[in-house]
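Before any comments, here is the structure.
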Amino acid sequence: MVLEKKVGETPLSCAEAWRAAHQELAGVPLAYAGRLDPMASGKLLVLVGEECKNQTAYHGLDKAYNFSVLFGIESDTQDVLGRLKTCAILSVVPVSEMRASRYLWGDAFRKLVRPHHRSSTAAEPSEDGDNQLSDWVRLGLAPRSAQSESSIVDRPSDVSTKVARSTFETRPAGEVIRDAFQKQSSQLQPAGLVEELQKICGDLIGNIKLPYPLFSAKTVQGKPLHMWTLEGRLAEIEIPTKESRIYSLVLTEIETLTREQVADQARAKIDTIPEVTDPRKALGADFRRAEVRADWEQIKNDSSLPSAYTIAHFSCVASSGTYMRTLASVIAKKFGTCGLAWHIDRTHIGKYSKENSRWDLEY
């Protein structure tokens with residue numbers, strides 16, 4: 001059975017809600033094949049009854065996702081539900097130039113790009129591409145780092161498993177770590193933004209080795225990785241990696257949100273999770289939401305930060321076990337800044353044929 005998990009649900013709560021709606025399933029074993037994070041949505045494959053005994057047969061299935069990357073802010077969970085850090089050098093682009101370029105991309109991207117998300121103050125370009133807006137958008141983007149590409153991700157990729165232990169150390173709620181990025185700035189034109197992101201997509205297609213997210217269920221020495229993280233004991237272990245294959249990675253849309261919109265929408269996503277009161281999960285402290293909410297509130301009210309942030313949307317087909325949270329972080333680093341997974345939605349589960357670019361088996 002394939003269920004549609006909503007943002008805020010866990011796989012278990014999604015499966016149990018489905019069971020509750022079907023009285024005939026009372027007492028029937030349920031298991032899911034392929035986890036989805038609380039902040040992710042989409043297809044969840046649930047095994048029913050005797051089929052639960054065959055769970056391992058479903059572990060190698062390929063997946064497809066629509067996901068997006070918010071540039072300029074990162075978190076220790078690699079999505080909006082983590083302690084935050086701002087890290088981007090400001091890049092300034094005129095709105096008029098951005099709108100015109102967005103408009104000119106239309107023909108080439110008509111089949112790829114969904115309708116542009118605009119603020120209520122945005123003006124649409126005229127038919128000849130002119131735009132009367134003269135205000136500027138400050139994008140949460142960094143210029144290309146002096147760091148070499150190979151120091152970030154190679155292909156086949158070997159992402160370092162060494163963790164910057166002090167980056168997400170325990171700190172008071174609302175105390176967002178900031179890099180000293182205000183000392184310089186650079187311009188990145190919209191057409192260059194698309195070209196660069198498309199190049200990154202191409203470079204990432206193929207075999208890739210990625211570290212597991214620090215907040216994941218991957219076991220290390222018999223204990224989930226997220227428990228090592230919450231206990232502050234990451235220095236005692238080597239972060240495990242996963243070899244995956246990316247079959248397809250396509251840039252589909254670019255949008256800009258104000259800093260206030262970003263913070264408010266992140267808060268709305270976080271608030272979809274029911275409060276966690278189980279004493280057995282006390283270490284998780286309700287996903288640390290009190291601290292995370294305070295972090296987003298600080299970003300919202302900090303006028304020294306960019307007034308707007310850029311979000312790039314992608315579609316991806318990848319082998320089993322490829323975390324879109326980690327991929328979002330990798331894309332941002334290859335782009336020369338930091339980022340987090342703003343949105344993740346799983347759209348397909350099955351067996352994908354790279355040679356024929358189609359699904360030979362789909363659930």
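A single member of Leu340, Leu361 is closer than 18 Å to Asp79 by Cβ, in contact with a strand residue (DSSP E or B) (Cβ under 9 Å, 6 or more places away or on another chain) and in a strand (DSSP E or B), and it is Leu340. Note on segment 64-83: residues that are farther than 29 Å from Glu362 by Cβ and touching an Asp or Glu at 6+ places or on another chain (Cβ under 7 Å) amount to 2. Which condition from (1) of a type in the set (Val, Ile, Thr); (2) closer than 17 Å to Leu70 by Cα; (3) within 16 Å of the chain's Cα centre (by Cα) is the one that Ile246 breaks? With (1) of a type in the set (Val, Ile, Thr); (2) closer than 17 Å to Leu70 by Cα; (3) within 16 Å of the chain's Cα centre (by Cα) applied to Ile246, the lone miss is (2).
In the set Val250, Val194, Val276, Val262, only one residue is surrounded by 13 or more Cβ atoms within 10 Å (Cβ to Cβ) and free of Cβ contacts under 8 Å to residues at least 60 places away in the same chain; that residue is Val276.
The set of residues in segment 294-317 being in contact (Cβ under 8 Å) with a residue 60 or more places away in the chain and part of a helix (DSSP H, G or I) consists of Ala294, Asp295, Trp296, Glu297, Gln298, Ile299. Here Glu74 qualifies as assigned to a strand (DSSP E or B) and among the acidic types (Asp, Glu).
In the set Gly350, Gly321, only one residue is touching a His at 6+ places or on another chain (Cβ under 9 Å) and assigned by TED's automatic domain parsing to the domain that holds Leu230; that residue is Gly321.
Entry remark, segment 15-45: residues being surrounded by fewer than 20 Cβ atoms within 10 Å (Cβ to Cβ) and farther than 22 Å from Thr272 by Cα number 10 in total. Scanning segment 219-235 for residues that are among the small types (Gly, Ala, Ser) and part of a loop (DSSP other than H, G, I, E, B), we see that the one that is farthest from Asp76 (Cα to Cα) is Gly222. When Glu260, Glu243, Glu238, Glu255 are checked against the criterion of being out of contact with any Pro (no Cβ under 6 Å at 6 or more places or on another chain), over 21 Å from Gly339 (Cβ atoms) and either of a type in the set (S, T, N, Q) or not in a loop (DSSP other than H, G, I, E, B) (or both), Glu243 stands alone in meeting it. Residue count for segment 203-239 under the criterion of being farther than 22 Å from Ala285 by Cβ and either touching a residue at least 12 places away in the same chain (Cβ under 8 Å) or not assigned by TED's automatic domain parsing to the domain that holds Thr252 (or both): the result is 12.
Determine which single condition Thr347 fails, assuming it passes every other condition in (1) surrounded by fewer than 23 Cβ atoms within 10 Å (Cβ to Cβ); (2) more than 19 Å from Ala33 (Cβ to Cβ). Thr347 satisfies all of (1) surrounded by fewer than 23 Cβ atoms within 10 Å (Cβ to Cβ); (2) more than 19 Å from Ala33 (Cβ to Cβ) except (2). Residue check: Glu275 meets all listed conditions (1) touching a helix residue (DSSP H, G or I) at 6+ places or on another chain (Cβ under 8 Å); (2) at pLDDT 95 or above but one, namely (2).
The values are calculated or read from the model by the stated rules, or taken from the named source; none is laboratory data. All of these numbers come straight from a predicted model, not from anything done at the bench. We place every Cβ from the backbone using ideal geometry, glycine too, and count neighbours over all the protein chains shown.
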